[in-house]
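*Asks:* Supplied in structure tokens, the structure appears directly below.
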Amino acid sequence: MATHPGPTALFDILSYWAHWVWLRRARAKAARMAFSEETITETLLLDLATALPGQLHIEAFTKPKEGKTGADWEWCFYDLAAGHFFRMLIQAKSLDARDQAYTKLYYKVGKPKPGKHQPFQIARLRATAARRGVPAMYVFYNHLTDARRLPPSPCHCCAGCADCWGCSIAHADAIWALRWDNSFDTLRHISMPWACIACLTPSRSDPPSGPEAVRQGLQLFEAQVVAGAREFGMPPPPRHEYVLETTPPSYFDEVRKGSPDSSDTERSARLARRNPGVDGVVLVDLGRDPDRHI
């Protein structure tokens, strides 16, 4: 079977950090210390940027209030040689210390005001994703004391691997269809380890590579979510068209190459104005260069 370096090594990267989160969350629980989504996310991005210079480009915009926008980071997987780009919005939530629920999943944004509607953060996230024409995904940071509660992984790479569930993903629309259930035992049926997006591809002689592998992985995951929802009597989530773009997003060149005519602060502020609802972007190079690590 032919293989490509991009998706295989991407799986290794995502799997490594899922194991890292699982272990660190276990230690934090044992020490009764907080380990917030923001701390985990910033640590992961810092370590990835350090480990993969030139292959991973991260730009934090002038940070808006998370509660106001509902969005965290836009990830863009790309292959310049093929001219392919695939984007998704990602927001992180942590499982509580009792291993029961994602308590901040249906968080309301802003301060309550008499006579005014207080919107849900997830609604803002979905609106931002719709406006940008990209899927909105949640990444869940997990550790379960009783790993028997974990469902089977949809990809063979994570089969029997509890630590792979350190980082799991679910589609925001599928979560919204369940409102107001934030329990792990429900959401596990519409989730999978995030590393599976680089592994959950059709078995054939010429598997997809790069951004196309990620796109197909999410597409197949959604089909499983729909089937799982039907099996467990859950509301059917909406279906999506996962688009492989052939032109880069507007921020691409500026983030990848930087702007010599302005300071980092000025560039970040400008990009924030152009991309309302996004805290920052992560560019992941999945080119077919065999010397690359991802």
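The values are calculated or read from the model by the stated rules, or taken from the named source; none is laboratory data. Because the structure is predicted, anything quoted here is derived from the model rather than measured. Cβ placement follows ideal geometry from the backbone for every residue including glycine, while neighbour counts extend to all protein chains displayed. For accessibility, only protein heavy atoms count, side chains too; no ligands or nucleic acids. Shrake-Rupley method; radii C 1.70, N 1.55, O 1.52, S 1.80 Å.
*Asks:* Can you find, within the stretch 166-184, the residue that is most open to solvent (accessible area, probe 1.4 Å) among those that are hydrophobic (A, V, I, L, M, F, W, C) and assigned to a loop (DSSP other than H, G, I, E, B)?
*Replies:* Top of the filtered list is Trp180.
*Asks:* Are any residues in the stretch 142-165 open to solvent by less than 10 Å² (accessible area, probe 1.4 Å) and in contact with a strand residue (DSSP E or B) (Cβ under 7 Å, 6 or more places away or on another chain), and if so, which ones?
*Replies:* Answer for the stretch 142-165, where residues must be open to solvent by less than 10 Å² (accessible area, probe 1.4 Å) and in contact with a strand residue (DSSP E or B) (Cβ under 7 Å, 6 or more places away or on another chain): Asn142, Cys158, Cys164, Trp165.
*Asks:* A further question on this structure: Name the single residue that is farthest from Glu241 (Cα to Cα) among those in the stretch 204-215 being at pLDDT 90 or above and either open to solvent by 10 Å² or more (accessible area, probe 1.4 Å) or among the acidic types (Asp, Glu) (or both).
*Replies:* Glu212
*Asks:* Shifting gears a bit: What's the number of the condition Ala92 fails, among (1) among the small types (Gly, Ala, Ser); (2) in a helix (DSSP H, G or I); (3) in contact with a strand residue (DSSP E or B) (Cβ under 8 Å, 6 or more places away or on another chain)?
*Replies:* Exception for Ala92: condition (2).
*Asks:* Which of the following residues is more than 23 Å from Ala223 (Cβ to Cβ), of a type in the set (S, T, N, Q) and assigned to a helix (DSSP H, G or I): Thr128, Thr145, Thr103? Steps first, answer last, please.
*Replies:* Details: Thr145 fails: assigned to a helix (DSSP H, G or I); Thr103 fails: assigned to a helix (DSSP H, G or I).
Answer to the check: Thr128.
*Asks:* Now a separate question. What's the number of the only condition in (1) open to solvent by less than 10 Å² (accessible area, probe 1.4 Å); (2) at pLDDT 95 or above; (3) within 16 Å of Asn275 (Cα to Cα) that Arg87 fails to meet?
*Replies:* (1)
*Asks:* Whether any residue in the stretch 100-123 is modelled with pLDDT of 95 or more, of a type outside the set (A, V, I, L, M) and either in contact with a helix residue (DSSP H, G or I) (Cβ under 9 Å, 6 or more places away or on another chain) or at positive phi (or both) is what I want to check.
*Replies:* Within the stretch 100-123, one or more residues are modelled with pLDDT of 95 or more, of a type outside the set (A, V, I, L, M) and either in contact with a helix residue (DSSP H, G or I) (Cβ under 9 Å, 6 or more places away or on another chain) or at positive phi (or both).
*Asks:* Only one of (1) open to solvent by less than 40 Å² (accessible area, probe 1.4 Å); (2) in contact (Cβ under 8 Å) with a residue 60 or more places away in the chain is not met by Gly228, so which one is it?
*Replies:* The one condition Gly228 does not meet is (2).
*Asks:* Residue by residue through the stretch 270-279, note down the ones that are open to solvent by 30 Å² or more (accessible area, probe 1.4 Å) and part of a helix (DSSP H, G or I).
*Replies:* Hits for the stretch 270-279 are Arg270, Arg273, Arg274.
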